[in-house]
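Below: the structure, in structure tokens.
The values are calculated or read from the model by the stated rules, or taken from the named source; none is laboratory data. On a predicted model such as this, the values are computed, not experimentally measured, just so you know. Neighbour counts run over all protein chains shown; Cβ positions are idealised from the backbone, glycine included.
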Amino acid sequence: MAISSGHRDVISRARGAFLGLAVGDALGAPVEFMTRGEIKDKYGVLKEMVGGGWLRLKPGQVTDDTEMSLCLARATVKAGRWDLQAAAEHLAGWLKSKPVDVGDTCRRGIRNYMLRGMLETPPNEWDGGNGAAMRTLPVALCTVGDHLLLERLTLEQAHLTHNHPYSDAASIYLGRLLHLALTGRSMLQLRREADQLISMHPSFAFDPYKGLATGYVVDTMQTVFHCFFRSRSFEGCVVETVNQGGDADTTGAIAGAIAGAYYGEEGIPSRWRKKVSKELVAEISDLAEQLLRLSPLVQRL
């Protein structure tokens, strides 16, 4: 399918979003569970992909944030459309591969599919983690141009592992923010979208910033919003985000996805891109474009 020059910009932003997710994940993972003070004492300001951390990662190595997003992306591109069961199968295959890290709620949801064929986890007041929001990018990419489709598919993918009002709201509004950024909207328009989430769920309010960057999805989104809406560059956004510590691979991944979509592929520092494996960068770029080609925005051409 031929792509117009206007849609080439969206494709570039899509690649920026997916690569930004991986870059933010890899930058933040070595300081996961560290406090801001501990990061400052060890690195001053962490600006480079150093590797190490509690997972003993290689510099540029990604974790479950990127790997689970890749599962959804591969499943969707292979099927040529969103397919919940295919997504669950890819996640199950990933879990069987003994990944370097996986959250407890994600593990439980995927195992429930593997053992019982469950495609929707029951509502649970303790499932307010960020594991569904962190992997919502592929759904956002293949639904650009249709908010209702975004919402429906986002809830399907989220409920594989997380079924909680805050997780649902964060995942949907993250998708909506990505749609705005992918189509070149202004920072003010993105801020209005975030304010709409806050009007519905005041817990997400981030001004003044409370300084919490835990795996609780409210803390995660507060951190991402605080850092993104103060940013003037991709690097500035992601550096400030991961230096908050806490669940730094996930806050870094989510901030990287939004900032990558907003500032574009060319806004991601080349020194960071070079640290991520060439094979992964190539696959991410291809998947991002293929997902966007499935979207209503492009299909209408």
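Select, from 9, 101, the only residue that is under 19 Å from the mean Cα position of the chain (by Cα) and at pLDDT below 95.
101
Under 6 Å between Cβ atoms, at least 6 apart or on separate chains: pull out the pairs that start in segment 270-295 with a residue that is touching a residue at least 40 places away in the same chain (Cβ under 8 Å) and end on any residue that is crowded, with 22+ Cβ neighbours inside 10 Å and among the charged types (D, E, K, R).
285/15; 288/15
In segment 46-63, how many are closer than 20 Å to residue 254 by Cβ and either in contact with a Pro (Cβ under 6 Å, 6 or more places away or on another chain) or aliphatic (A, V, I, L, M) (or both)?
Residues meeting the conditions: 6.
Exactly one condition in (1) touching a Gly at 6+ places or on another chain (Cβ under 6 Å); (2) within 22 Å of residue 204 (Cα to Cα); (3) not hydrophobic (A, V, I, L, M, F, W, C) is not met by residue 171; state its number.
(1)
Would you mind telling me which numbered condition in (1) surrounded by fewer than 24 Cβ atoms within 10 Å (Cβ to Cβ); (2) hydroxyl-bearing (Ser, Thr, Tyr); (3) more than 22 Å from residue 248 (Cα to Cα) residue 143 fails?
Residue 143 satisfies all of (1) surrounded by fewer than 24 Cβ atoms within 10 Å (Cβ to Cβ); (2) hydroxyl-bearing (Ser, Thr, Tyr); (3) more than 22 Å from residue 248 (Cα to Cα) except (1).
Every residue, every condition in (1) among the basic types (Lys, Arg); (2) surrounded by fewer than 20 Cβ atoms within 10 Å (Cβ to Cβ); (3) modelled with pLDDT under 95, yes or no:
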residue	(1), (2), (3)
216	no, yes, no
226	no, no, no
247	no, no, no
257	no, no, no
263	no, no, no
271	yes, yes, no
288	no, no, no
292	no, no, no
299	no, yes, yes
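Of 91, 115, 137, 119, which residue is out of contact with any Lys or Arg (no Cβ under 6 Å at 6 or more places or on another chain) and closer than 18 Å to residue 281 by Cα?
Checking each option against the conditions leaves just 137.
Having 1 or more residues that are of a type in the set (Gly, Ala, Ser) is the bar; report the helices (runs of 4 or more DSSP H) wholly within segment 234-301 that clear it.
Correct list: 234-242, 248-263, 270-273, 278-293.
Select from segment 113-144 the residues that are more than 21 Å from residue 70 (Cβ to Cβ) and free of Cβ contacts under 8 Å to residues at least 40 places away in the same chain and list them in ascending order.
The answer is 115, 116, 117, 118, 125, 126.
State which residue pairs qualify: first residue of a type in the set (Ser, Thr, Tyr) and inside segment 204-228, second residue modelled with pLDDT under 95 and part of a helix (DSSP H, G or I) in any location, beta carbons under 6 Å apart, and separation of 6 or more residues or different chains.
none
Restricting to segment 211-233, name every residue that is over 17 Å from residue 130 (Cβ atoms) and assigned to a helix (DSSP H, G or I).
229, 230 - these are the residues of segment 211-233 that are over 17 Å from residue 130 (Cβ atoms) and assigned to a helix (DSSP H, G or I).
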